[in-house]
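First up is the structure itself, then whatever we jot down about it.
The values are calculated or read from the model by the stated rules, or taken from the named source; none is laboratory data. Values in this document were obtained by computation on a predicted structure and should not be read as measured data. Cβ: placed from backbone, ideal geometry, glycine included. Neighbour counts: every protein chain shown.
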Amino acid sequence: KIELRPANPPVQFNGLEISLNFFAQPASTIRGLAISRFPLQIFLAGSSAHRVEGCFLGTNISGTAAAVTGNSGLGSGIRPFGPGGYVIGGTAPAARNLISGMFGAITSFSANDGIVIQGNLIGTDISGTQAIGHAGNAIESSGPLTNALIGGTDPNARNVISASRFSAIYLSTSNVNPYTGTRIVGNYIGTDVSGLKPLGNGLNLASPTQTVASVYLFSGNDSNLAIGGLLPGEANLIAYGGAAGLQVATSRGVSSPLNHFRGNRVMAIDNSETSNADGPSPNDAGDADTGGNRLQNFPAYTLPGGFLPAGGSSVTVNYTVATAVANATYPLTIRAYRGDCGGGSKSFIASETIEAVDAQLPQTWVLTAPDGGNLLPLVFTATDAAGNNSEFSAMVGETIFADALEDQPPVLTAGKCF
């Protein structure tokens with residue numbers, strides 16, 4: 001690789017700049033460079049689909065360590081500025097960028113439409129197995145981010161986003177529907193490239209009592225954003241975070257149809273009343289409270305006697321969702337999942353809907369595992385037609401401890417993996 005670094009750091013601001021003069025110019029490609037020690041490694045502007053691929057940003061030229069050590073992290077990797085549909089990374093192995101060892105990886109303070117971020121190693125070394133990290137948020141946007149694609153259903157489109165002191169993905173803006181058309185799918189967040197080794201995000205080791213969510217959204221408005229999905233390859237793995245896996249802070253319309261949450265220290269999804277995490281939100285009669293995702297009530301359910309602890313491949317579930325028609329957009333979609341440690345979903349089992357005419361009434365659901373396996377551990381969510389996704393219900397099922405001996409506690413504790 002060709003290496004770029006400043007002769008007089010930090011006087012030189014940008015390592016490489018495609019500037020405002022390029023608004024009317026054809027798309028450019030930045031490929032195969034190692035850029036470090038600048039306050040900002042790459043600045044992208046203009047309306048063309050400029051590409052950054054095959055670069056090492058923030059690391060040494062071998063990609064094994066941060067270029068600058070002994071401080072809190074220098075600068076940012078890439079700053080998109082302007083409307084361009086920029087492409088950072090790609091599905092070809094040669095297009096993968098390594099972006100690690102700085103304050104942040106990709107940071108945008110302006111509106112962007114159509115950016116694609118795929119196939120990158122963010123926060124790891126070049127092997128994807130060791131943490132280098134960032135001192136702030138890895139991917140951060142404080143403006144509208146429409147029609148963006150972060151990840152993809154092709155395994156080669158997967159970003160590994162791990163070892164950030166704060167959030168892996170941090171989205172914050174006051175605009176209405178700022179994320180229309182944006183998809184965050186198929187990523188490994190908080191693990192190594194295998195999806196097995198914990199690297200975490202949001203652990204904030206400098207102040208470990210002030211941990212933060214791995215994925216954080218704050219707008220105060222309708223967001224119109226889906227994170228993960230039910231189609232093959234759409235689920236994100238969001239694991240081993242210092243707080244919640246996903247925090248929806250006052251934003252509305254943030255749905256999580258299916259993600260694999262594992263071992264997040266506080267909880268899987270935290271719908272909070274303010275910008276601060278507030279832990280599990282209890283159901284309230286009628287669901288008139290307000291906050292992230294309107295603090296949508298989750299299903300309150302019972303299982304027949306004798307189903308626990310062994311479980312089975314089919315069960316009749318009795319449940320209610322205490323949400324009045326005035327406080328949600330009906331119909332509600334109720335989803336059942338196999339769970340994982342930390343109290344979140346691992347795999348999708350089935351869904352059904354509640355129409356407005358049946359609001360707040362007791363429901364009976366014969367739930368059958370599509371693969372014929374055991375339904376346990378079992379967990380549920382409710383999502384209204386506007387995309388307001390509840391937190392998870394309490395998960396029931398069995399835990400296998402490190403000594404391989406089984407135990408069947410009635411409820412799995414958030415953040416514990418055995």
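Within the range 107-130, is even one residue assigned to a loop (DSSP other than H, G, I, E, B), of a type in the set (Phe, Trp, Tyr), crowded, with 24+ Cβ neighbours inside 10 Å and in contact (Cβ under 8 Å) with a residue 24 or more places away in the chain? Within the range 107-130, none of the residues are assigned to a loop (DSSP other than H, G, I, E, B), of a type in the set (Phe, Trp, Tyr), crowded, with 24+ Cβ neighbours inside 10 Å and in contact (Cβ under 8 Å) with a residue 24 or more places away in the chain. Among the conditions (1) of a type in the set (A, V, I, L, M); (2) at pLDDT 95 or above; (3) under 30 Å from the mean Cα position of the chain (by Cα), Ala402 misses just one, which is (2).
Residue by residue, here is whether (1) hydrophobic (A, V, I, L, M, F, W, C); (2) at positive phi; (3) at pLDDT below 95; (4) in contact with a Leu (Cβ under 7 Å, 6 or more places away or on another chain) holds:
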{"residue": "Ala226", "(1), (2), (3), (4)": "yes, no, yes, no"}
{"residue": "Leu230", "(1), (2), (3), (4)": "yes, no, no, yes"}
{"residue": "Ile238", "(1), (2), (3), (4)": "yes, no, no, yes"}
{"residue": "Val254", "(1), (2), (3), (4)": "yes, no, no, yes"}
{"residue": "Pro257", "(1), (2), (3), (4)": "no, no, no, yes"}
{"residue": "Phe261", "(1), (2), (3), (4)": "yes, no, no, no"}
{"residue": "Val266", "(1), (2), (3), (4)": "yes, no, yes, no"}
{"residue": "Ile269", "(1), (2), (3), (4)": "yes, no, no, yes"}
{"residue": "Asp278", "(1), (2), (3), (4)": "no, no, yes, no"}
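Which ones in the range 18-42 are at pLDDT 60 or above, within 25 Å of Gly85 (Cβ to Cβ) and crowded, with 17+ Cβ neighbours inside 10 Å? Ile18, Ile30, Leu33, Ile35, Phe38, Leu40, Gln41, Ile42 - these are the residues of the range 18-42 that are at pLDDT 60 or above, within 25 Å of Gly85 (Cβ to Cβ) and crowded, with 17+ Cβ neighbours inside 10 Å.
Taken residue by residue, the range 342-349 has at least one member that is surrounded by 22 or more Cβ atoms within 10 Å (Cβ to Cβ), of a type in the set (Ser, Thr, Tyr), assigned to a strand (DSSP E or B) and touching a Leu at 6+ places or on another chain (Cβ under 7 Å).
Looking for whichever is touching a Lys or Arg at 6+ places or on another chain (Cβ under 7 Å) and more than 17 Å from Gly181 (Cα to Cα) here; the options are Gly104, Gly119, Gly123, Gly128. Which one fits?
Within the list Gly104, Gly119, Gly123, Gly128, the selection yields Gly119.
The condition (being surrounded by 14 or more Cβ atoms within 10 Å (Cβ to Cβ) and either at pLDDT 95 or above or touching a helix residue (DSSP H, G or I) at 6+ places or on another chain (Cβ under 7 Å) (or both)) is satisfied by just one residue among Thr364, Thr353, Thr323: Thr323.
Within the range 273-280, is there a residue that is surrounded by 22 or more Cβ atoms within 10 Å (Cβ to Cβ) and in contact (Cβ under 8 Å) with a residue 12 or more places away in the chain? Looking through the range 273-280, none of the residues is surrounded by 22 or more Cβ atoms within 10 Å (Cβ to Cβ) and in contact (Cβ under 8 Å) with a residue 12 or more places away in the chain.
The residue of the range 254-272 that is surrounded by the most Cβ atoms within 10 Å (Cβ to Cβ), among those that are farther than 15 Å from Gly195 by Cβ and either in contact with a Lys or Arg (Cβ under 9 Å, 6 or more places away or on another chain) or of a type in the set (D, E, K, R) (or both), is Ala268. Checked against (1) farther than 27 Å from Cys341 by Cα; (2) surrounded by fewer than 22 Cβ atoms within 10 Å (Cβ to Cβ); (3) over 13 Å from the mean Cα position of the chain (by Cα); (4) modelled with pLDDT of 95 or more, Leu149 meets all criteria but (3).
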